[in-house]
Each structure stands twice: as structure tokens, then as C-alpha cells.
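Everything below concerns the one structure shown next.
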Amino acid sequence: VRTRVAIVGAGPAGLLLSHLLDQAGIDSVVIDQRSRDEIESTIRAGILEQGTVELLDTIGEASRARTVGHRHDGIELRFEGEGHRIDFAATVGRAVWLYPQHEVLKDLIAARLAAGQDLRFGVTAEGIENGERPRVIARDAEGNPLEIEAEFVVGSDGSRSVARATVTGSSTGGYFREYPFAWFGILCEAPPSSEELIYSNSPDGFALVSQRSDTVQRMYFQCDPETDTAAFSEEQLWDELQKRVPGTTLKQGPIFQRDVLRFRSFVAHELRRGRVALVGDAAHTVPPTGAKGMNLAIADVRLLAAALGALLLDGDERLLDAYPETASRRIWKAQHFSWWMTSLLHVAPDATDFDRRRQLGELRTVVESEHGRAYLAEAYCGWPFDA
Ligand code: DHB
């Protein structure tokens, strides 16, 4: 198969990139080793920055973020049993949308297929050969070899990226940090327990009360990374959640999904080599607090789409040469924010009394200051793109 851009990975980054390239008149082939059904049903995060929603608007009515999703104009930080609202509208005049990532994927896949995109599921990339005409060596669902020859290859193939090794010389090479805790996530059938998301710091650890719809809720609580999801009864899960959100009585209902989310911070040492570049989780991972993962992937794509347009339409390599540096600025801002929200809200297993009191001091510093609230709101809603 020959195309202009080969895109490895049909997550939000790869699919949106194929759309933006198509808009510029550039053909691409997108492959993913997963099935369409798996991609469309894997539960991930749920918060879209305003700029993400605006970029998704370019797929037209296929984006249901504004119609099915819900705009949120604030969140609550809770500590010492008291809630403190961070008002996005009042501080930065922006908002976020609650719209699950797998719904974004359904919208993007439908829009790409309707536009005639060459999008292949069940195709596993085994390696990438860099060069003037880079090639993706892959295998289709039946195990038959498939080669895609392109002018450029993009690795949007997630945290276990195959493309990464071609760019960095190793599949792991990067700046890295681990955390001594994880999130236990649940989905339950119940009405929302509060109008807005609650990020709660308690002596028993962190909890996040999020939502999915009027009838399905998503909640998380801090746990040990080795926790076995089967080790808790439903009643125990509600106890764990409830004791971390003092002041609100959680509306309970049947729990139909549970998972443990590992916390990692990672940035690959290099984002581009020759005619191969990385975007999204292939390039970086953030811990989930603050919901930056997908939004950051989409911010990479915005830059890379422009750079590939300049390269492939005008033969101008300057934006592509600048891509690693330009993308890194936002990547490290998001790395900092995700690390900061994590350390602000979680209780480290080895925290001393001093650490605990210092943390409460930090929380007060944020919520009792207009500037502190604005600092959080600006990052949460997403930094403007032109900055
Ligand atoms: C969700 C996840 C997050 O990491 C976050 O900060 C907010 C919401 C969610 O899955 O709903």
C-alpha cells in the first residue's frame, strides 16, 4: 500500500490527524491492532478542554461533544470536609466538556469512514523503517504481511508504542516518574451525586466524583497500585468512596465496571527522527489527575498536522523541524500540571504530619486566592493555542 502519511494507531490523535490532513488534501492510511469494537468500548477519561471541543467541531455534526456532552463551568476541590468551587467562567472565561473519550472515538471513526478514509482495524505494526520513503511493516487480522510505504509515518500508537523505538532508539527511553499510588475506577448505574466534579482530598486519600450521563457515573479513589479489582465487594467500594468525600452523600447504584489505573509521568527523549514522529501517549504519559492525556494528544496533532501540511504541500520543513521544541513546551506544562494536581490532592503512603499540614496549606493557598483559582482553571480548561 502507498500513501502520503501512514498513521499507526486509531486513537483520538491518529484519527483526528487523518481528518486534519484530509482537510488539507493529504491522503493517509490509518491502522490499529485493535478491533473497531474494542476501540469504541474501552473506557477512558471524560473531560475535553475547550480547545479540544473546538477542534472536534471541524468534523461537523459528527462531533456530539456539544450535543450529547455537558459543559462544565467549574469543579469543586474538597478538603477538611469543605467544598471550594473553582469557577472557570469567572476566573478565565473558559469551560470544559464532559464527554467520554470512547464517544469521541465513535464520532471520529464514523466521520472518517464517511469521508472514505482508509482505516484498517486488526492490523498490527511490527516495525517501522525510517528513510526518504519510510515504511510500516505490519500484519493484518488474518496474519498476512502488509507494508505501507509513505512520505511520512506518525506513531499515535499509545503508551506501548511500536513507533517509539524508531524515533528514540529504544522503546522506553525517556524522562520518567512513577507514583506510589493508583486509582480504583468504577462505573455505576446511579444519578449524579453532585452537579460538578468533586476532587476530594481526605485523610484516607483522594477521591474523584465524576460523571458519564444522567444515569451512569464514574468515580475513582486512590489505592495501592497492586490492588486486585476483585478484592472489594460493592459495599466495600462504596465505603471506600464515601469516607473520602465527607459532606456529600454519594448516590449509590450497581457497579458494573472496575479497573485500576496506574500513575506514570513519561516524556520520550525525542519526538521526531527523520520522517517519523510521535504524538499522544506514544510520546508522553501523564497521571490522570486533571484529565490532560487526550487533550495533550490532540494538541500535538494540531501542531503536527500543520507541519505535515507545510512539508507535503510546500516542501517547507521548518514547522516539522520546530515540532519537537514547540510540542515540548505544552507537554511539559501539562506534565507539571498533572504532577501538581496529583501531589496537591493525594496522600502519599509515607506522608508525615508535616507533609499533611503543608498540603492543606497549599490547598488553602489555591482556593482562597483569586489568582490561585485562576491558575488552576487556566490549566484545567487548557492553555490557549496561540500562546
Ligand atoms: C475523569 C478523569 C480524570 O482524570 C479527571 O481529572 C476528571 C474526570 C473521568 O474519567 O471522568
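No value in this document is a laboratory result; all are computed from the given coordinates. What you are looking at is a predicted structure, and each value in this text was computed from that prediction instead of being measured. Note that we place each Cβ from the backbone using ideal geometry, even for glycine, and neighbour counts take in every protein chain shown.
When both the stretch 279-345 and the stretch 37-58 are represented by their alpha-carbon centers, they are found 16 Å apart. At an R0 of 56 angstrom, the distance between the Cβ atoms of ASP228 and ASP316 translates into a FRET efficiency of 0.55. Build a GNM of the chain with springs between Cα atoms under 10 Å apart, and of SER210, SER328, SER41 the one that fluctuates most is SER41. Ordering SER194, ILE255, PHE206 by the projection of their Cα atoms onto the charge dipole of the stretch 182-261, which places +1 on the Cβ of Lys and Arg and -1 on the Cβ of Asp and Glu, puts SER194 at the extreme positive end. Highest GNM mean-square fluctuation among LEU312, LEU296, LEU108, for the chain modelled with Cα contacts below 10 Å: LEU312.
Listed by chain and number, the aspartates and glutamates whose C-alpha is less than 14 Å from the C-alpha of LYS292, apart from same-chain residues fewer than 8 away, are GLU49, ASP281, ASP300, GLU378.
Computed from backbone phi, the HN-Hα couplings of the stretch 340-353 come to 5, 4, 5, 6, 5, 10, 8, 9, 5, x, 9, 5, 8, 4 Hz, rounded to whole numbers (Karplus: 6.51 cos²θ - 1.76 cosθ + 1.60, θ = phi - 60°; Gly and Pro given as x). Here the extension length gained between SER343 and GLU195 equals 50.8 nm, from 0.36 nm per residue of separation less the Cα-Cα distance. Counting charges near THR168 (Lys, Arg +1; Asp, Glu -1) among other residues having Cβ under 11 Å from its Cβ returns a value of +2.
For the stretch 52-147, GluC sites (Glu not before Pro) are listed when DSSP marks them as loop and at most 13 other Cβ atoms sit within 10 Å of their Cβ; the list is GLU80, GLU132, GLU142.
Taking the DSSP bridge list for the chain and keeping only pairs wholly inside it, about 75 percent are antiparallel.
Suppose we keep just the DSSP beta bridges with both residues in the stretch 1-137; what percent of those would be antiparallel, to 5? Around 65 percent of the beta bridges assigned by DSSP in the stretch 1-137 are antiparallel ones.
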